[in-house]
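To start, the structure itself, in structure tokens.
The values are calculated or read from the model by the stated rules, or taken from the named source; none is laboratory data. As the structure is a prediction and not an experimental result, all values here were calculated from the model. Note that we place each Cβ from the backbone using ideal geometry, even for glycine, and neighbour counts take in every protein chain shown. Note: areas computed on protein heavy atoms with side chains; ligands, DNA, RNA excluded. Shrake-Rupley method; radii C 1.70, N 1.55, O 1.52, S 1.80 Å.
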Amino acid sequence: MPMKETKSTCCYCGVGCGVVIRSDAKRIIAVHGDPDHPANFGRLCTKGASLHLSSGHELRACYPELRRGRNETRRRVSWDEALDHAAGRFAATIRAHGPDSVGFYVSGQLLTEDYYVFNKLAKGLVGTNNIDTNSRLCMSSAVAGYKLSLGADAPPACYEDIDLARCILIAGSNTAVAHPVLYRRIEAARAANPSLKTIVVDPRRTDTAAEADMHLAIAPGTDIALFTAMLHVLLADKLIHTEYIRRHTEGFDRLKWAARECPPERAASLCGVAARDIVTAARWFGTSGASLSLYCQGLNQSTHGTHNNIALINLHLATGQIGKPGAGPFSLTGQPNAMGGREVGGMANLLSAHRDLDNPRHRAEVARLWGVTDVPSKPGKTAVELFDALREGEVRAVWIACTNPVQSMPESTLVRAGLERAEFVVVQDAYRNTDTAEFADLLLPASSWGEKEGTVTNSERRISRVRASVPPPGEAKADWDIAVDFARRLGARLGNPLAQELFPYSSPEQIFDEHRKTTRGRDLDISGMSYAVLDSQGPQQWPYPSGVPVGLARLYANGVFPTPSGRARFVVTRHRPVWEASGGAYPLQLNTGRLRDQWHGMSRTGTVPRLFGHVPEPVLSMHADDMAARGIKDGDSVRVRCVRGELVVRAESSAEQRRGDVFFPMHWGSRFMSGAGANALTVSAFDPYSKQPELKHAAVEVLRIELPNELIALRRLVPGDWTPLERLQSLLGRFPLAALSMFGEEHACVMLRARSDGPFEIAELDRTLGDDTLRSASYEDQARGVAKRIWTDANGRITGARLSGDTTAAAWLKEQMRNAVVVPPGLALAPRPAAAGTPRGRIVCNCFEVSEADVRAAVAHGADLQGVQRSLKCGTSCGSCVPQLRRLCLKDSSVSTAA
Ligand code: SF4
């Protein structure tokens, strides 16, 4: 089949890298970085470079499915039946209980055009502001911080500022892991300018922290104390920019007094770092001439996240480090289009083009632009509030698009309860097997990356085109298309004669054109931008008003801010502890975050075996002293307990952890482990300004538990049919501790590791691992509690294996299955086959499949980083593993894996 190349944008993080997709008429074959895209200049990280491997259809939702009663199974229906039913249910609910009895929960992974239609549907047609998004969980504190301090939700800096900075302060971000391509740029800036100072503020000694000139390992939640003490030093050392403050800001006097109350010594005792380090950090920041801050969830996911942001922005305003090359407070967005969602006002408190819901003039402008009589003034339910309202029966019907709140929201038990109580749940998703899809009365198949047309905006305000290279599977449709179709049907049911006119779109370009008109005269004016401009000139930053040749790289160069006075505002912030302080029965502090090679709830990355090589299973990272105090050894089973729930997982010591802190990755949910994942433990308390919940801190206790019996099950998957994976997923909850991972490139396989304190129920497991068409052999030694069974195909290749009592052959079996080797059954069942060799262990470099053991062996033979790279090629393609290679070459035994 003829091949074609399509330029698009990576669908993972907010760096927004350009990609080139190679495809034939039906399938995506390969992907590489777009050398012309200014976000990445051809680079991709491991996730981006594996995008083509995640484009299989095995777990995709391909047809609408509906159940009319809660006890029924969903059945396939036509789009007409699906959307007529949805329109009927929503209309009936609205008529009986009012527009606020329904809600929409959407996603920072939707395209701007999708977002625009959903926002208009809720606020313009239904008449409710009950539309919020998973972006509430990642960046709403950054939004509130920018608006309160600078007057508008607009990151003032750009990626080029990384090249030009002379001091980079990274706060609450493991950039090396969460924004890898940007981190490559930081590495390059450091190499080009050895005097560039980097400071990392993070409770954990992550890869990013370990490589910095200074790591301030503050106690969780003490960022405000640190930043205020830095301001204290800047004042004492006369490093503030008095002229800038006088001409371009307001409110400094009050802040000055607050800062004087927080000397470095006081902050040092709150933060748990040395006062002299705070002084040094402040002096580096204040004297560099170009100081740039990069920050992310560590600041945002807090009950005082808005003030965390503001305390940092205060430092920039006080030193005039904003609006000039190499300087500025730069919030890194987690999701690919959290920015686009903000631009169209797709949140419960926003309106189109950065307008505010509580501003009557703004509401009137939007109503006029949309051609409706008004936009409701009552604030909508934000993420946590929306699911609370479902649980309390205040909201009765909900439409969830492109997100998995059952896994990603804090206190997931409450979210489950909300969806159980809801009268009608619509889930619109590309994948049919998310934790949330379980609750869907109506499941609508959406097209996904590589199949969609539209735009996204990255962290530096750059709008890029997303383009389709292949058709979606089955009857899946673009998100905007589904929303438009529903809106028209709902309008008819509600007797709204305007519905057809409100949603006239037949292409995403028409939606973009309407959106850009709403921005005219606003801070993010893109009235001069169009698909044609983006196609001919490439991705562009906003603002991009009519008549300009290119977008604006950095904001506020003239010192004029979009506030009523034109001045930026200093806001007084004071230290407050985390919402749930550790102590008593729960003496440890749980932190949650990202891993390098997984994305959110793993619905996409969890289909790519390669992406499990780095961290195959979820483990709790602990400080060695905390483990010793509890009698826990590496690999032991532990119960992580808090007032809300518990998880049973394996524990490992990590030199990254402060004493008293533990870390668990956010990615694993009930599809890949026994238990609901990290959010079974997190708190839903939220920041009063941003309503962003405190996903980063929860008080827990960790106890060693005895689960002496371990079982490992392996199953090869047949392309096009991943039923065994789904069956194994359905069995996970039967084990006290269990995790699924994948391995194999050409021959994808799945591995289940389970632990129990009693004998395993194996009958159903065996039906999943093999069937009557396969040969099987088994070995049992009841005295030793050993039971093994393997299944082979007609060619003698292992298709499935189950080991309990003695799992020593698991690593060897994985290698045979990965390579589809023909194995005599006797050898496969032997306790430790002669050919077993050494297990390869964790993969560090995915591009060249280089393991930690390979690197250690090279280092033992005297290789340094360059030598390792030369001999093994690791770190020479995407570069995501370079920080870890550096650590291994320095013989630092702890390798960071998470953000
Ligand atoms: Fe995608 Fe990686 Fe670029 Fe983020 S850094 S946009 S995940 S390729």
Report task. List the pair-distance distribution P(r) of the chain, using every Cα-Cα distance, as the percent of pairs falling in each 10 Å bin from 0 up to the bin containing the longest distance, rounded to whole percents. Result -> 2, 12, 22, 26, 21, 11, 4, 1, 0
**Report entry** Cubic angstrom per residue, convex hull over Cα atoms of region 588-704
**Finding:** 108
**Report entry** Cα Rg, Dmax (largest Cα-Cα span) when computed across region 709-833, Å
**Finding:** 13.3, 41
Requested in this report: Could you pull out every one of the aspartates and glutamates with an alpha carbon less than 13 Å from that of residue 788, ignoring same-chain neighbours closer than 8 positions?
Outcome: 710, 766, 780, 806
Report task. Determine the calculated [θ] at 222 nm for the chain from helices alone, applying -39500 (n - 2.57) to every DSSP H run no shorter than 4 residues and normalising by the residue count; nearest 500 deg cm²/dmol. Result -> -8500 deg cm²/dmol
**Report entry** Where only alpha carbons of region 140-331 are counted, the Rg and the Dmax (Å)
**Finding:** 14.9, 41
Requested in this report: Express the accessible area of the chain per residue in Å², computed with a 1.4 Å probe while the remaining protein chains stay in the model.
Outcome: 34
Query - region 340-490 - share of DSSP beta bridges that are antiparallel (%, nearest 5) - result: 40
Requested in this report: Provide the percentage of antiparallel DSSP beta bridges, counting only those with both residues in the chain; round to the nearest 5.
Outcome: 65
Query raised in the report: At a 1.4 Å probe radius, carbon and sulfur cover how many percent of the accessible area of region 140-331?
Result: 51
Requested in this report: Post the alpha-carbon centroid distance, region 592-621 to region 426-476, in whole angstrom.
Outcome: 20
Query raised in the report: In nm, what is the difference between 0.36 nm times the number of residues separating residue 709 and residue 849 and their Cα-Cα distance?
Result: 47.3 nm
Query raised in the report: Using the Kirkwood formula over every pair of different C-alpha atoms, what hydrodynamic radius in Å results for region 270-367?
Result: 16.0
Requested in this report: Figure the gain on full extension for residue 29 and residue 506 (residue separation times 0.36 nm, minus the Cα-Cα span) and round it to one decimal in nm.
Outcome: 168.8 nm
Query raised in the report: Where the only charges are on Cβ atoms (+1 Lys, Arg; -1 Asp, Glu), what is the dipole of region 140-331 about its Cα centre, to the nearest 20 debye?
Result: 280
Report summary line: So, for the Cα atoms of region 183-287, Rg and Dmax in Å stand at 14.9, 41
Report task. Quick one: order 617, 250 from most to least accessible surface, probe 1.4 Å. Result -> 250, 617
Report summary line: Loop-resident GluC sites (Glu not before Pro) in region 38-86 with no more than 14 other Cβ atoms inside 10 Å, DSSP not H/G/I/E/B, are 72
Report task. Compare 854, 36 by solvent-accessible area with a 1.4 Å probe and give them largest first, with all protein chains kept in place. Result -> 36, 854
Query raised in the report: If we sort 47-57, 445-455 on the protection proxy, mean other Cβ atoms within 10 Å, highest first, what's the order?
Result: 445-455, 47-57
Report task. Can you quote the Å³ per residue value for the convex hull of the Cα atoms in region 843-898, rounded to an integer? Result -> 66
Requested in this report: Could you pull out the pairs from 147/378; 47/123; 26/47; 814/873; 147/256 whose alpha carbons sit more than 32 Å apart here?
Outcome: 47/123
Requested in this report: Enter the Cα centre distance for the pair region 340-368 and region 253-302, rounded to the nearest angstrom.
Outcome: 34
**Report entry** Relative contact order (%) - criterion: Cα under 8 Å, at least six apart; region: the chain
**Finding:** 15
Report task. Grab the eigenvalues of the alpha-carbon gyration tensor for region 4-54, scale each by 5, take roots, and send me the semi-axes largest first in whole angstrom. Result -> 18, 12, 8
Requested in this report: Using just the alpha carbons, could you tell me how many Å³ per residue the convex hull of region 1-114 encloses?
Outcome: 169
Requested in this report: Pull up the DSSP beta bridges for region 588-704 and report the antiparallel fraction as a percent, rounded to 5.
Outcome: 60
Report summary line: Distance in Å, no decimals, from the C-alpha centre of region 675-743 to the one of region 184-246 is 35
**Report entry** Nearby lysines by direct alpha-carbon distance to residue 197 (threshold 21 angstrom, same-chain neighbours under 8 apart not counted)
**Finding:** 238, 324
Query - Apportionment of accessible area to carbon and sulfur, region 709-833, percent (1.4 Å) - result: 47
